[in-house]
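Engineer: The structure's right below; bear with me while I get my questions together.
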Amino acid sequence: MDATRTTRQLEETIDNFEKQKIKDIKNIFSEFITIEMLFHGKALEIYTAAYQNIQNIDENEDLEVFRSSLYPPDYQSRLDIVRANSKSPLQRTGSLKSSLRTVQISSSMLRKDEEEEEEEDEDEEEEEEEELDATKEVR
């Protein structure tokens, strides 16, 4: 009697386990498929919009824009544009002078840095020589 009762309990436990396993697998796959459908639905929307944009391209208009970019406008109008955007000769001279000052200042600072590094190197060499001399005297 105990054996049959234990067997029935074991079978119920196995059945409950299998039911829960099937439920879990069903939920997992349902969620996975829902997520995949959302992803592919969104991708389909984006591809549809891209397709419509490509279909709306006017080849003749784009060709005209391309052709107009091949031939520059007449030189007189280009010269006027350059003149309007350029500085007057006095302004150019002033900016040139300030640029030269900046270059002179930065080059003098570089020279000072190089001189300081050379002095430090010489000091280090002298210290090393003194240490060598002191070591020789001790021997």
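Engineer: Just to be sure I understand the model, the point goes 7 Å from the Cα along the line to the Cβ. What's the resulting residue 17 to residue 133 distance in nm?
Structural biologist: 9.1 nm
Engineer: May I ask you to compute the full-extension gain from residue 60 to residue 86, defined as 0.36 nm times their residue separation minus their alpha-carbon distance, rounded to one decimal in nm?
Structural biologist: 5.7 nm
Engineer: Okay, next question. Mind giving me the FRET efficiency for residue 70 and residue 50? R0 is 30 Å, r the Cβ-Cβ distance, nearest 0.05 is fine.
Structural biologist: Efficiency for this residue pair is about 0.55.
Engineer: When all protein chains stay in place, what accessible area (Å², nearest 10, 1.4 Å probe) is found for residue 62?
Structural biologist: 90 Å²
Engineer: Which value, in Å² rounded to 10, gives the accessible area of residue 123 with a 1.4 Å probe and all protein chains present?
Structural biologist: Its accessible surface works out to 80 Å², give or take rounding.
The values are calculated or read from the model by the stated rules, or taken from the named source; none is laboratory data. Every value quoted in this text rests on a predicted model; they were computed, and no experiment measured them. Because the Cβ atoms are built from the backbone with ideal geometry, glycine has one as well, and the counts that use them run over all protein chains shown. The protein model used for the area step is the full one, side chains on, heavy atoms only, and it has no ligands, DNA or RNA in it. Shrake-Rupley method; radii C 1.70, N 1.55, O 1.52, S 1.80 Å.
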